[in-house]
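The values are calculated or read from the model by the stated rules, or taken from the named source; none is laboratory data. Here the structure is a predicted model, which means the values were calculated and not measured. Neighbour counts run over all protein chains shown; Cβ positions are idealised from the backbone, glycine included.
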Amino acid sequence: MEPLIRFPDALRQAPLGRLISIAGRLAEQRWGRYLAEHHGLSPAGMRVLFILSRAGDSTHREVAERCFVRPATLTGIVDTLERDGFVERRRDAADRRTVRLALTDKGQEHTRKLIDLIHSDRPLTSVDADPAKREIIRDFLTELITTMSEGDIGRLNPGEEETDETRRGLRPC
């Protein structure tokens, strides 16, 4: 018995918001598998490495806030990163109750490799291999992210305040 609708046909008929949702989930799953298989990292672990790479040594609480997780959630992530030699914990000299996190040499090397890979900007499909189409896709996704961020400019650009000009209307996905 034939299916009522074939997979590629269903995608052609799906609303654009649904396609974006499916594509995002698939890309995130594939990236997570790549990180695990080739770098021994989870996406959450990668975020911690990137934050420490940009911010330098930081307190556990500061990293948790930048990752948008609770400090207790970050503990397990840091346990794994420390076990694998990417991060080290240090007690703050001024306040022994405070734990500071720092990248190890191995963590810095892995972070640099990931940053280089991400910035290589290799095409993901035959469509974005075309520079003109790539710019249209980039413009669309940039506007989508900005619009869907609900104007929370601080989340997209830490340290920046929201203004009437940066706040876009709320739109459902």
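The single residue among 36, 23, 10, 55 that is outside the structural domain of residue 79 (by TED's automatic domain parsing) and either within 27 Å of residue 86 (Cα to Cα) or not aromatic (Phe, Trp, Tyr) (or both) turns out to be 10. The helices (runs of 4 or more DSSP H) located wholly in the range 34-143 that include 1 or more residues which are among the hydroxyl-bearing types (Ser, Thr, Tyr) occupy 43-55, 71-83, 105-119. Which condition number in (1) without any contact (Cβ under 8 Å) to a residue 60 or more places away in the chain; (2) over 15 Å from the mean Cα position of the chain (by Cα) is the one that residue 110 fails? Every listed condition holds for residue 110 apart from (1).
Just one of the listed residues (53, 42, 58) is surrounded by 18 or more Cβ atoms within 10 Å (Cβ to Cβ) and under 25 Å from residue 119 (Cβ atoms), namely 58.
The residues listed here are 95, 128, 105, 121; of these, the one that is of a type outside the set (Ser, Thr, Tyr), modelled with pLDDT of 95 or more and over 16 Å from residue 63 (Cα atoms) is 105.
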